[in-house]
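**Student:** Quick one: this structure, given as structure tokens, is what I'll be asking you about.
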Amino acid sequence: MTTGTTTVVATAPGGPEVLAVRTVPALRPGPGEVVVDVAAAGVNFIDTYRRSGVYPMTYPGVLGSEGAGTVTAVGDGVETVRPGDRVAWCDAPDSYASQVLLPAERAVPVPDDVDLLTAAALPLQGLTAHYLVTSTFAVGPGQDVLVHAGAGGVGLLLTQLAVRRGARVITTVSTSDKADLSRAAGAHDVVLYTELDDLTRDLPAVVRGLTDDRGVHVAYDSVGKDTFDASLASVRTRGTLVLFGGSSGQVPPFDLQRLNAAGSLAVARPSLAHHVATREELLSRSDDLFRAVSDGTLHVRVGATYPLADAARAHEALESRRTTGKVLLVP
Ligand code: NDP
């Protein structure tokens, strides 16, 4: 019998030191809701944006939006899951916790052959990688693709999915260990962008050198401020730059006329929420991912696991570029 729920809250906007453990009463499901015992909660860059105040949240507030675990109670009218079912989620608030309350329609059943740590590591970054290569830009055979932060959580999955679709993938990473991981995920060429004298000038030259001077069909840029100009100059005529994050900082306002001068380029700035808004789309994308994990064609790397109470250390590691793949918190 659960007597209380352990949570990690951001007490005020700030650095990792604002995170604190709080115990709240055990959760009870309302109509259409389920309570889940959390096996692991995912740490994502967006949690750091919320904690620091880059994205709005109410303080004190529990962080986290992703995880996997076992359903312990269901509210009236819930027919899609039952107590004992294993589920994962990517868009429920307050997930840095030992228990979460989810709308039943956001709980995704986890197949029997996928363990709960893998299931917790996949939803947010996996679904992001999935929509980026299928919907934002439909990556196809023979295309050249640039992926920044290739050894990161999204980066490793995005690389594998783009390679599976027949693309030739060029990644950027900051260290030789990360380069090894990126190559193991299928990257054909890996650029240590921290070793370039001038990223904005030199990266496009390297990318063009690898693509017969044409540039890539699509650049996926989650690093943002430091890489945006280099990404733009690495895309071929009529290609697409997909900006989907700002790990180095947000990109400042941008003159659209530059897209004309650079070669009739398109820029997209997509968000996961708009690509899993219906249960049908959430389940269909999740099904693709879980099937790929089950048949061994998608490897999910859990790079680090921390006790829930050590969430601040997890944030420090993520923000100082020391992590690879997924970072999980275990209650
Ligand atoms: P990652 O595991 O990719 O970690 C971030 C990586 O960015 C670092 O490991 C580092 O890789 C690189 N980086 C480059 N410059 C910096 C810097 N100044 N500070 C910190 N990191 C830097 O994180 P996630 O996979 O969780 O997320 C990746 C990005 O994707 C984030 O920006 C996130 O906001 C975004 N995102 C967007 C979504 C959307 O739908 N729009 C959904 C999910 C994530 P290296 O050391 O190799 O440079």
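**Student:** Can you tell me which residues in the range 113-133 are more than 13 Å from the ligand (Cβ to nearest atom), open to solvent by 10 Å² or more (accessible area, probe 1.4 Å) and assigned to a helix (DSSP H, G or I)?
**Tutor:** Selection gives Leu116, Leu117, Thr118.
**Student:** May I pose another question? Condition first: away from the ligand (no atom under 16 Å from the Cβ), buried (at least 17 other Cβ atoms within 10 Å of the Cβ) and among the small types (Gly, Ala, Ser). Now tell me which residues in the range 209-233 satisfy that.
**Tutor:** Gly215, Ala233
**Student:** Please go through the range 143-174 and pick out each residue that is of a type in the set (A, V, I, L, M), under 25 Å from Ser286 (Cβ atoms) and either part of a helix (DSSP H, G or I) or within 9 Å of the ligand (Cβ to nearest atom) (or both).
**Tutor:** Across the range 143-174, the qualifying residues are Ala149, Ala151, Val154, Leu156, Leu157, Leu158, Leu161, Ala162, Val163.
**Student:** Can we say Arg22 is open to solvent by 50 Å² or more (accessible area, probe 1.4 Å) and either assigned to a loop (DSSP other than H, G, I, E, B) or within 16 Å of the ligand (Cβ to nearest atom) (or both)?
**Tutor:** Answer is no for this residue.
**Student:** Suppose the filter is within 16 Å of the ligand (Cβ to nearest atom), open to solvent by less than 50 Å² (accessible area, probe 1.4 Å) and assigned to a helix (DSSP H, G or I); does Ala304 pass it?
**Tutor:** no
**Student:** Moving on to the next point. What number goes with the only condition from (1) touching a residue at least 40 places away in the same chain (Cβ under 8 Å); (2) buried (at least 16 other Cβ atoms within 10 Å of the Cβ) that Leu259 does not pass?
**Tutor:** Single failed check for Leu259: (1).
**Student:** Please state which of the following conditions Val34 fails to meet, knowing it meets all the rest: (1) free of Cβ contacts under 8 Å to residues at least 60 places away in the same chain; (2) more than 22 Å from the chain's Cα centre (by Cα); (3) surrounded by 16 or more Cβ atoms within 10 Å (Cβ to Cβ).
**Tutor:** (1)
The values are calculated or read from the model by the stated rules, or taken from the named source; none is laboratory data. These numbers were taken from a predicted model, which means no experiment stands behind them. Cβ sites come from the backbone with ideal geometry, for glycine too, and all protein chains shown count toward neighbours. Side chains are part of the model used for accessible areas, which takes the heavy atoms of the whole protein and leaves out ligands, DNA and RNA. Shrake-Rupley method; radii C 1.70, N 1.55, O 1.52, S 1.80 Å.
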